[in-house]
Every structure is written in structure tokens, then in C-alpha cells.
């Protein structure tokens, strides 16, 4: 009999204890709860305060907020495990750690440990499907699911268990869905009954998050109003349909008053909402950086000051870089709780490229370091690690995340945002619901390993691969855990390699799992595919990579390529990783598990993409040599790399493995054109036609 002792007044601890009880039951352990919480002679004791226990077990002074310790004591033959922490969140995480160790090791092999969070800000970015910044069927299809509190309960459970502690909800103008402004009541189009339903939704969501140690922030853009406000209070203003999120900086005194009062009323009516954020870009064309900042101060800052309680703030760095104005705006404030979080997009919206900071929103700038040199006084940088590269295929590359954190986790950094602008991980519209693979309720559950990797490593980057391998093993057989993780780690380098090799700027201009780029090709699905010609014309985002043209020029001039990653070296690495992953998969038995078959199919898809990219790089080098030398044999070699059994076969293999369980799906990058890998087979063949033809535009662009 295992006796549990814990503070029962804490929702966070109660939530974690419910998981512990479930874990013990699954392990056939009989448990009970002790009523006397001051007795230190039970089996598992949770103490959410610092100090000594009667058995001499003490909390180390190094324990920080959200940190925890697991300690073991044996007194008079009775074994007791202590979960010690300085706050309820730390106790919750400590209980989760104990559950994991129980599942992997059993009660007799629990290891003592002390863990403190590496970052205090570990956020998920979640774009809402109403008043959404982007418009696409992929958002419209999510409205019912995202309004369902059952979905949010599962999502928040996942966040807490993976140690995420911030939920950021992004919407252009959420106020009409949340409040009826007292001085602008007609700005909200809902009846009192409808608005009451919305208020129940928001209140429940914020409360559930708080009970799991998760802060909530609403992130807006700026000079927007509701359609109802425009109709009743400003009929002459520009419409959202006319400009959507771009447009001149149109503002009036009523617009400023309306937005300011919305901020105040929102804070007052939702006491469990943690904070706010807004952007200094949309609907501000024609305004100087100082004018944009003044609008934010007059509306958002003043609205927060007028509220009946302080709230935290995320300052989104302006799209045009001017660190001096940004720093002054943050550091002169005397009312925002510290630290203020300064959000900066890592490598614009292409965090899944190189872990080195090469570019941010607004372009490359030597002034970027002014954000942290000298050290910030009252703010911390929070990197926005956007994923617009893979929504369908599962991805897992723990070493990349660790390297990212090591490279960018400076003292002035407080944490990360993880998430997407173009993908809502709720209703899963990509997978065939007729397939026996489909055994989850929501898209984020299919991508469970992605969230586990980021959340656990942001909390503790030293978390070993064994933790993730054991979880894979618990789901799919212990002997399969390590090879599955190793296979994922190998093939998940493919999108990183493509994004590092192919320079793109704007938000959703690269979709690595589809081998697509809309940066220069626009929305036309026939042109979005990254062609061989596109590879010849691009430059890498990673400065240690050589483009195809630069590599060929060095070869022609007999210049050294030492210290560079050449296209040929990259191709060899991609091929090696893909081959290694397929060999690992061959050793993994399915054990009649449809979901394991689905995981293996995703790994195969990444492997075929890796093979395809490798052959295309080699073809590009050969074709560029042909353009430089006129040597017909080089063109023939390029054709050989593009034809079967090379590039075209690998794309056909990709079509076959993805068609077995995925359906055509909406994709922001393609507008109204549904995405599938089969859709782009003509463009794969088009590379062959391009090489067979004349030099065309490729030679003219040199």
C-alpha cells in the first residue's frame, strides 16, 4: 500500500496527483491518501514549501521558482519519496517527473534529482480561427473544435505535462467576442445570451490554464475595429475586406477611445487573464516609428493603467528595426510588471533552418544587437520559433533544439514561443479518417513528440534522449523506442537543410515538407514548387553553406571549399541520413499497431524527401557545370540524377507512402488549392524538361 500526502487545496497539485494516481493504478500499485499531512512517514509526500522535513531531508537553496526536487529517505525500514518545491508549479512538475520514473523504472528504482527551469517563459503560440490574421479554409474548418472546451482541456493537459507555462492566443481584434464595451455597446454584434456563452468559454479557458500553472496572453494587432463599430460609429472608415491586415494608419479619437476602453474592460472582466500584447505594424502604414509607439502608449498602455489590476505585457518588436525607440518605450515604463517580454522572430519565420540568428523581421540589421547591448533593464528577449515548414509529417530532432537553446540562450533571453501562424493543431484535416491509423482526437496529439521535445528541453536542455526513447517505447514497444527516435532524428534534418539552403523572407514563404516556396512564385500551385532553376537562383540563409553557383565557381577557379558546407556534402549527408533511417525502420516490428505504422510512414516520407533533395542538389551542380563549360556530359549527368531510379522515383515513393493515409488538405501557402504531394509530380518532371531544353533564364540570371 502506497500512502500519498499532499496539499489538497492547490488545483495544480490536485491535477498532477490525479495523474500520479492513474499511473499507480496502471502499475497495479494500491494507493491511499493520508489525512495527516504533517506526518513524514508515508511513501510519497509532496511539500510545496522550502524547509526541512522531520526525516532530515532538506530543500537545496538553489531551488528556483517552478523547480523541484525528488528525495528518498529510509527510516525504520520505511521508504519515503519526497517531492519538494518552492511553489505549486514546481510541485506539479515534480509529480510529473515521479510519474515518468515510475513508468520507466518502477518504484524501487526512482532516482533523486533536482531540476530548475532553464527558461521562465515557455510559450505556445496559438492563432485563433476567428478574427484571424490569415484567411484560409484551414482556419475556417477549426472554428467548432477550437470553441470546444473539451479540446482545450486536452491541449492544456499536454502543455502542463510537457512543462509549457504560457499560452498566447493570437487574434486581430478579439474584443467583440469577449466584452460589450460600455460606451460602444453596438460594437459587439452578439446578443446578451450569445455573449454570455462566449464569456463562459473564455472564463473557463483562462481558469483551466491557471489551474495547470499556465499563464494566458491575448495578442492582437493594432488599429482595428469590429465591423459593428464601423457600421455604427465610423461608417466612413476603410473596411477590413478592403485592406484586411495591411493599410494606412487610419485612426480617430473614437477609434482610440474604443480600443483603449476595450483593453481596460477586458482586463477587469477576466481576472484570470495574465497579460496582453500587440503589434506595431499592421494598419500603421505612413506612420513613423515614434508615431506608432505613441498610438500604443495612448491606447494599450493607458488602457492597462486604467484597469483595476496590473497585467503582464509582451512587446512585439516592430517590423522595422529601431531598437532605440523600442528600448526607450519599454525601459521608461513604470507600471508594467517585470520582466516585459520582447518578442523577436528567429530567422524571420523560419526557425527550422540554422540555429544561428541570421535574420529577423525587418531584414538583416547590424543594429539588432542594440536590443541586448547594453543589457536590458527590465525586459527579456523571447524568441519566436515559428513553424511554417511541416504540418502533416511528424518531426523530431532533439539535438537541433538543444543546439538552438545553447546558441541563443543568453542571459538576456527569457524563453521561446513555439507554434505556427498558418496551422492550428486542433481538428486534424490532413489524415484520412477512414484509415485504421487514425486513433487520436486532435492534431496536436499526432504531433505529441514535437511538443514533448520542445517543452521538456526548454525546461531542461540536459534531458537525455533516453527520456524520449522510453516514451516511444512505452507506446510502441520498448525495443522500438531507441531506433524510432534515431530514425526520426536522422530524417528530420531534411527540412532544416532545405530552409538553411533556400533563402526566404516573408512569413509563410517556405513549406519544407511540400518542397514549396511562395517567396518568388506567389500562390499559383504550379509555380510554388521549388524547381531546379529555383535552387540555382537562390542563396543560403546559413552563411556557412555554399550555393550551387558559388560552389561551381570555386571549383572552376580551383578555390578551396574547406570550412564550407557544399551542395555535394549536403547531398551526401541527406542520402546517408535517409538510408540510415530506412535501415532502422526495417528492424522495427509493427506489432499490429496501426499508429506505429503511421509513425513509420512519416519517417519514410521524410527519407524520400531527403533522397529527392540530395539528387536535386547533385543535378543542380552538374547542370551549372554544363552552363559554365558547355560540357554536354555534365548535362547528361544532371538528367541521370533527375530521372529514375533517382529523383523522380523518390518523389513517386513519397506519393505512394503519403497517399496511403493522407488526403488533400487546405494549405495557407497555396490559397484555395488543396495540397498533396501528388499535385506536384508534373513540376518534378518539369525539372527534366528544363535540363533537356536550352539554357533559358538560368544562364541569363547569372
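Below, the figures for the structure above:
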quantity	calculated
Set 678, 616, 637: member being touching a residue at least 12 places away in the same chain (Cβ under 8 Å), surrounded by 23 or more Cβ atoms within 10 Å (Cβ to Cβ) and assigned by TED's automatic domain parsing to the domain that holds residue 548	616
Which listed residue, of 186, 135, is out of contact with any strand residue (DSSP E or B) (no Cβ under 6 Å at 6 or more places or on another chain), in the same structural domain as residue 285 (by TED's automatic domain parsing), farther than 21 Å from residue 423 by Cα and surrounded by fewer than 18 Cβ atoms within 10 Å (Cβ to Cβ)	186
Residue, farthest from residue 122 (Cα to Cα), within the range 471-480, restricted to residues that are under 24 Å from the mean Cα position of the chain (by Cα) and surrounded by 19 or more Cβ atoms within 10 Å (Cβ to Cβ)	472
Qualifying residue in the range 71-88 (condition: farther than 24 Å from residue 339 by Cα and in contact with a helix residue (DSSP H, G or I) (Cβ under 6 Å, 6 or more places away or on another chain))	yes
Sole exception among (1) surrounded by 14 or more Cβ atoms within 10 Å (Cβ to Cβ); (2) modelled with pLDDT under 90 for residue 199, by number	(2)
Verdict on residue 399 being in contact (Cβ under 8 Å) with a residue 40 or more places away in the chain, surrounded by fewer than 21 Cβ atoms within 10 Å (Cβ to Cβ) and in a loop (DSSP other than H, G, I, E, B)	no
Selected residue [within 24 Å of the chain's Cα centre (by Cα) and either at negative phi or assigned to a helix (DSSP H, G or I) (or both)] from 601, 589	601
Residues of the range 649-677 satisfying the condition of being closer than 29 Å to residue 624 by Cβ and at pLDDT 95 or above	649, 650, 651, 652, 653, 654, 655, 677
Yes/no for residue 387 being surrounded by fewer than 20 Cβ atoms within 10 Å (Cβ to Cβ) and either over 26 Å from the mean Cα position of the chain (by Cα) or at pLDDT 95 or above (or both)	no
Test for residue 332: is it closer than 23 Å to residue 380 by Cα, assigned by TED's automatic domain parsing to the domain that holds residue 212 and surrounded by fewer than 20 Cβ atoms within 10 Å (Cβ to Cβ)	no
Test result for residue 93, touching a residue at least 24 places away in the same chain (Cβ under 8 Å), buried (at least 18 other Cβ atoms within 10 Å of the Cβ) and part of a helix (DSSP H, G or I)	yes
The range 387-415, residues that are over 22 Å from residue 610 (Cα atoms) and in contact with a strand residue (DSSP E or B) (Cβ under 7 Å, 6 or more places away or on another chain)	408, 412, 413, 414, 415
Any hit, the range 473-482, residues being under 16 Å from residue 400 (Cα atoms), assigned to a helix (DSSP H, G or I) and either at pLDDT 95 or above or touching a helix residue (DSSP H, G or I) at 6+ places or on another chain (Cβ under 7 Å) (or both)	no
Check on residue 305, in the same structural domain as residue 266 (by TED's automatic domain parsing) and surrounded by fewer than 20 Cβ atoms within 10 Å (Cβ to Cβ)	yes
Filter pass, residue 375 being in a loop (DSSP other than H, G, I, E, B) and surrounded by fewer than 21 Cβ atoms within 10 Å (Cβ to Cβ)	yes
Single condition residue 428 does not satisfy, out of (1) without any contact (Cβ under 8 Å) to a residue 40 or more places away in the chain; (2) within 30 Å of residue 133 (Cα to Cα); (3) out of contact with any helix residue (DSSP H, G or I) (no Cβ under 8 Å at 6 or more places or on another chain)	(3)
Test: residue 579 is assigned to a helix (DSSP H, G or I) and in the same structural domain as residue 692 (by TED's automatic domain parsing)	yes
Positions within the range 177-198 being assigned to a helix (DSSP H, G or I) and closer than 19 Å to residue 126 by Cα, in sequence order	177, 198
Leading residue by the ranking (farthest from residue 498 (Cα to Cα)) among those in the range 548-576 that are touching a helix residue (DSSP H, G or I) at 6+ places or on another chain (Cβ under 7 Å) and not in a helix (DSSP H, G or I)	561
Among the residues listed as 445, 421, the single one being touching a helix residue (DSSP H, G or I) at 6+ places or on another chain (Cβ under 9 Å), modelled with pLDDT of 95 or more and surrounded by fewer than 22 Cβ atoms within 10 Å (Cβ to Cβ)	445
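A quick yes/no check of all residues on (1) at pLDDT 90 or above; (2) under 14 Å from residue 348 (Cα atoms); (3) outside the structural domain of residue 578 (by TED's automatic domain parsing):
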{"site": "487", "(1), (2), (3)": "yes, no, yes"}
{"site": "493", "(1), (2), (3)": "yes, no, yes"}
{"site": "505", "(1), (2), (3)": "no, yes, no"}
{"site": "508", "(1), (2), (3)": "no, yes, no"}
{"site": "512", "(1), (2), (3)": "yes, no, no"}
{"site": "523", "(1), (2), (3)": "no, no, no"}
{"site": "530", "(1), (2), (3)": "yes, no, no"}
{"site": "536", "(1), (2), (3)": "yes, no, no"}
{"site": "541", "(1), (2), (3)": "yes, yes, no"}
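The values are calculated or read from the model by the stated rules, or taken from the named source; none is laboratory data. What you are looking at is a predicted structure, and each value in this text was computed from that prediction instead of being measured. Note that each Cβ is placed from the backbone with ideal geometry, even for glycine, and that neighbours are counted across all protein chains shown.
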